[in-house]
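The values are calculated or read from the model by the stated rules, or taken from the named source; none is laboratory data. Here the structure is a predicted model, which is why all the values come from computation and not from measurement. With ideal geometry, Cβ positions are generated from the backbone for all residues, glycine too; neighbour counts draw on all protein chains shown.
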Amino acid sequence: MIDAHLPILVLIPLFLGAVLVPAVGMSRRSLAYPTALLSLAATLGLAWRQLVVVMDSGTIRYRVAGWEPPYGIELYVDLLSAFVVLIIAVIAMLVVVYAGSAVKREIPGQEVGFFSVMLIMLIGLNGMVLTGDLFNLYVFFEVSSLSGYALMAVGGRKAPVAAFRYLILGTVGASCYLMGVGYLYVLTGSLNMMDVASLAPQLSENPAFLISAVLMVVGLGLKMALFPMHLWLPDAYTYASSTATAIIAPVMTKVSAYVLIRMLYFVYGMERLETVIPLGSVITWLGLTGVVVGSIMAIAQKDAKRMLAYSSVAQVAYIGVGIGLGTPLALVGALLHVMNHAAMKCCLFLVTGSVFRQTGSTRLDSFNGIGRRMPLTFLGFTVAALAMVGIPPTNGFFSKWYLVLGGLQKDAWAVVIVVVFSGLLTGAYFFRLLARIYTKPTDGQVETTAIGEPPPAMVAPVLLLAAMLLLLGLFNHWVVGNIIEPALPAALTERFSQAGF
Amino acid sequence: MDLEALITGRWPYLFTVVLLIIGLRGMLLKSNFVKKLIGMNIFQGAIILFYVVHAYKLGATVPVFDKHLGEHADLYMNPIPHGLMLTAIVVSVATTGVALALLIVIHRRYGTLEEGLLLEKLRQDD
């Protein structure tokens, strides 16, 4: 009985939390943290339950307020959406556990606002994943973006400037998406994704249909920071508070990637678009360029947060490569990388947050010899760094493996070469940093005695994420076989299985 | 293709495109942050107009059932784009609000909203 209502129930604890945190926090600021923690724990439980239910009994189509689908808003939860909702919930839960002591130190006095806005952002992101309505998606898109700007604006001195730049570009992206929806609405008279998808085959030659697909790619590409639309990202990630970066970096770009997959493969029908315009090849080439440029820029940075931000550009570009290739294995790689990169980047940004808390800086100099002073934290960091480079048995290896296989399915040798050799570029900046962490003597200027492990609430999430990286790597076959492969569009897998794969 | 036939009857759409370009130009080329924000508003306004123009029908009336007109759908405007755009206007107001709040903070910290001057002051911060 309750299971049929899960899509809306996942959102309700977040709504309650977003309202209760300021209400409770007004009288006692210290209560904001447990309230946020409780509401996220409820969401995590429901998201887990939702995935189990969807795996057992198939897609849930929930009619909000009982209106029939083409007229009312529908929440559409298949394996893919349930999977992404669970990723968001797990990452958010770990970051909130960490945030308790981190936020108090880094942005004192702002805890209530931080937790409340963060919960609103999670409503927006979850809504983007759950909804089956094109315009509803736009609204959730803007809910998550607006709260994202607010989170990013609080932090370093330069943060508001970076947030304003992001706001301008993000609004252009959202407007492009809205324009794309407008074209679709003019053509089909419907806003329901499934309805539009059933009408799409007759439209694939229509220029307005093609323009709307291109507008969607631009709009979602801007939010996803797909090269060359990544220009807002490095500044925004660097100057935001570490906790805000640790929640925005893993989740926001991944949700946009999910929406891009949903639009191109489930609504527009990529193979039909491909016969008219080379959209997939363009996305693939943008992705490949992004991998190389992002990695090279990351090598050139002197600040750890900035380095990780550029590495995010490169990693998101991998997902772009998978989306553009469009073979089943490449899509598996892209979706696996959505999960893997979310976990690794979250772990890495949490560690930079801990370093900032203990040393007051995130410049690479402040990492000198820190591995001996914060052994547990940097155990997690090392595992995540190895996962980023793609060393088996960490999970990073397997998503790249599937991307390479996907490239082979299409004889796209450029993809194979870039994905294999970009590991070297990633290794260049991570091994350099690891050498600094473990072998260099600590800087004399830094107060060496004061530096130690941060509080347990800040170490535990890092170690949990590191354990997850290994477990997801070892059990990636289960994830791919039970969740990702059945979630792919049926038409696509059939076409390729007939072709002999 | 005959250009005249393409344009005639599509004037409102052409004006939306012009507005979109004005908005983009403001956002990309103007160096003052407030002007960038105005460009963004024009850009959003153009998209709102695009929806509303599409919903317009010559000779149709407000979408409230009228006994004298009957149930003929051609005699009523399409209410859905209007409803959607009300939401989009709210979103655009909220975005402008957040942007103005950010501008106030930037102005308090750096005393300027001119991009050139601001970049210089940002560099001094390092």
I'm checking my understanding of the structure. Among residues of the stretch B:104-125 that are in contact (Cβ under 8 Å) with a residue 12 or more places away in the chain and away from chain A (no Cβ under 11 Å), which one is surrounded by the fewest Cβ atoms within 10 Å (Cβ to Cβ)?
B:Gly116
Starting from the stretch B:83-103, keep only residues that are within 9 Å of chain A (Cβ to nearest Cβ), then list their pairs with residues that are part of a helix (DSSP H, G or I) and among the β-branched types (Val, Ile, Thr) whose Cβ atoms are within a distance under 6 Å, requiring at least 6 positions of separation or different chains.
B:Ala88/B:Ile48; B:Thr95/A:Thr171
Can you pull out every residue in the stretch B:23-32 that is surrounded by 13 or more Cβ atoms within 10 Å (Cβ to Cβ) and free of Cβ contacts under 8 Å to residues at least 40 places away in the same chain?
B:Gly23, B:Leu24, B:Arg25, B:Gly26, B:Met27, B:Lys30
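Does A:Pro455 qualify as being surrounded by fewer than 16 Cβ atoms within 10 Å (Cβ to Cβ) and at negative phi?
Criteria met by A:Pro455.
Do any helices (runs of 4 or more DSSP H) entirely within the stretch B:25-126 hold 3 or more residues that are under 21 Å from the mean Cα position of the chain (by Cα) and under 19 Å from A:Tyr239 (Cβ atoms), and if so, which?
The qualifying helices (runs of 4 or more DSSP H) are B:79-110.
Which one is modelled with the lowest pLDDT among residues in the stretch A:9-30 that are hydrophobic (A, V, I, L, M, F, W, C) and surrounded by fewer than 17 Cβ atoms within 10 Å (Cβ to Cβ)?
Out of the qualifying residues, it is A:Met26.
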For the stretch B:32-68, which residues satisfy the criterion of being of a type in the set (Gly, Ala, Ser) and away from chain A (no Cβ under 13 Å)?
B:Gly59, B:Ala60
Of the numbered conditions (1) within 12 Å of another protein chain (Cβ to nearest Cβ); (2) surrounded by fewer than 24 Cβ atoms within 10 Å (Cβ to Cβ), A:Gly127 satisfies every one except a single condition; which is it?
(1)
So in the stretch A:142-173, with the set limited to residues that are of a type in the set (S, T, N, Q) and over 15 Å from B:Leu37 (Cβ atoms), which one is farthest from the other protein chains (Cβ to nearest Cβ)?
A:Ser144
In the stretch A:174-212, what residues are of a type outside the set (Phe, Trp, Tyr), within 11 Å of another protein chain (Cβ to nearest Cβ) and touching a Gly at 6+ places or on another chain (Cβ under 6 Å)?
A:Cys176
Taking B:Asp74 and the conditions (1) more than 9 Å from chain A (Cβ to nearest Cβ); (2) free of Cβ contacts under 8 Å to residues at least 12 places away in the same chain, which numbered condition does it fall short on, given that it satisfies the others?
(2)
Does the stretch A:130-137 contain at least one residue that is more than 23 Å from B:Arg108 (Cα to Cα), at the interface with chain B (Cβ under 9 Å from one of its Cβ atoms) and assigned to a helix (DSSP H, G or I)?
yes
The stretch A:98-123: number of residues that are among the hydroxyl-bearing types (Ser, Thr, Tyr) and either at pLDDT below 80 or farther than 19 Å from A:Cys347 by Cα (or both):
1
